[in-house]
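First the structure, in the form of structure tokens, and then the observations on it.
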Amino acid sequence: MSRLPAGVMREATIDVGAIEANVRHLRRIVGVEVIAVVKAEGYGHGAARSAAAALAGGATRLGVADVGEGLALRRAGIDAPILAWLHAPGASFGEAVDAGIELGISSYTQLQAAAAAAAMDRPAAVHLKLETGLGRNGIAPADFAVVFAEAARLERIGKLRVVGAFSHLSNASPEEDRAALRLFEDGLAVAGSVGLAPRLRHLAATGAAITLPETRLNCVRLGVGIYGLSPFPDRTSADLGLRPAMTVRASVAAVRRVSDGHGVSYGYDHRADGDTTLALVPLGYGDGVPRQASGGGAVSINGRTFPVAGRVAMDQLVVDVGDHAVAVGDEAILFGDPTLGAPAVEAWADAADTINYEIVTRIGPRVPRRQVSA
Ligand SMILES: *Cc1c(COP(=O)(O)O)cnc(C)c1O
């Protein structure tokens, strides 16, 4: 019977070897430069370790949402190029430029702020973000000419280096993603006409990078796939040749034999159907296990998988294991790599009516991460 290390109540193991292998695999498929996206603490896996593993697997650059995340990577000793694309209103970029963090620029105002942060010998490195339909940030097509001309001027006087141009797809349909690609190419033509020649052109995240080769351009931004998860509802990690890197498990904290009709957890939403054994698993919504998965989800104990019995509480959940042999200290696995017998994270995503991205990203700080390499 599998057990966690003595004294460990719950943990998430992060297989950095899997992240490295996933990047290598995806890099071979796409055949272009890879920006590994490690925002939100590397989708819950730990930003610095995920970044290091992704770089070892062949990513050449890193992407984060905000500058603070980029600075944290620098403090952790990561010296690869980092792009940050979401900024506070009125942000100034001095610290980012000093730390060599590249800035995604979505407006004329941000362009000016980036130029203002340039030092004598250090222009601000930017990637122009073009709005191509997603309706989030990005320079609007009507503003391309004005903003790009100003970027070209600032580049000529040494305040800026326009390293890249990018946009982000909706994944609404292949047709809509292709329409966004055409808008992006129109934008690149405008940039060229004012004298800009951004070396990197990137549009696709994991989904489009796999299924729409024309969106790969010369660089892709890969997030969920590097952690071994599929962005597609109808294709598993294994279908894509990926290995999920995160396994969440806990030690069974208590076992109780109860008789028919015994209620379980708040509200007694579950009652024992005949004499049965209840196993208490010390993971709850305080750890990021969605309360909405009450009555569903998947917990594997000693080789069998059970749904949650009753409601997920803040710190714990209960599994009704029937007559299956379970003892205090046995390992309960919530999700991991299904090819190794663990439930898929998608079982939790389905039960909570969400996506695999959200389940791994929300695994909270109370769950210690332990780095492994299989
Ligand atoms: C999060 C994000 C990505 C990564 O998306 P995945 O679907 O996880 O590969 C890429 N680009 C931008 C702008 C993002 O916000």
For the chain, take the alpha-carbon Rg, divide it by the Kirkwood Rh, and send me Rg/Rh. 1.06
Which value, in Å to one decimal place, does the Kirkwood hydrodynamic radius take for the range 16-228 when every pair of different Cα atoms is included? 17.1
Simple SL model, points at 7 angstrom along Cα→Cβ for residue 79 and residue 305; separation in nm is 4.5
Please arrange 79, 177, 260 by accessible surface area, largest first, computed with a 1.4 Å probe and ligands excluded. 79, 260, 177
Space enclosed by the convex hull of the alpha-carbon atoms of the range 262-374, per residue, Å³: 108
Please work out the FRET efficiency for the pair residue 266 and residue 99, using the Cβ-Cβ distance as r and a Förster radius of 41 Å; give the result to the nearest 0.05. 0.30
Relative contact order of the range 246-372: what whole-number percent is it, with Cα pairs under 8 angstrom and at least 6 residues apart? 28
Quick one: pull the percent of accessible area on the chain belonging to carbon and sulfur, 1.4 Å probe, ligands and nucleic acids left out. 52
Take every DSSP beta bridge with both residues inside the range 16-228 and express the antiparallel ones as a percent of the total, to the nearest 5. 5
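The values are calculated or read from the model by the stated rules, or taken from the named source; none is laboratory data. For clarity, every value in this text was computed on a predicted model and none was experimentally measured. All Cβ positions, even for glycine, are placed from backbone atoms using ideal geometry, and neighbour counts span all protein chains on display. Heavy atoms of the whole protein, side chains included, go into the accessibility calculation; ligands, DNA and RNA do not. Shrake-Rupley method; radii C 1.70, N 1.55, O 1.52, S 1.80 Å.
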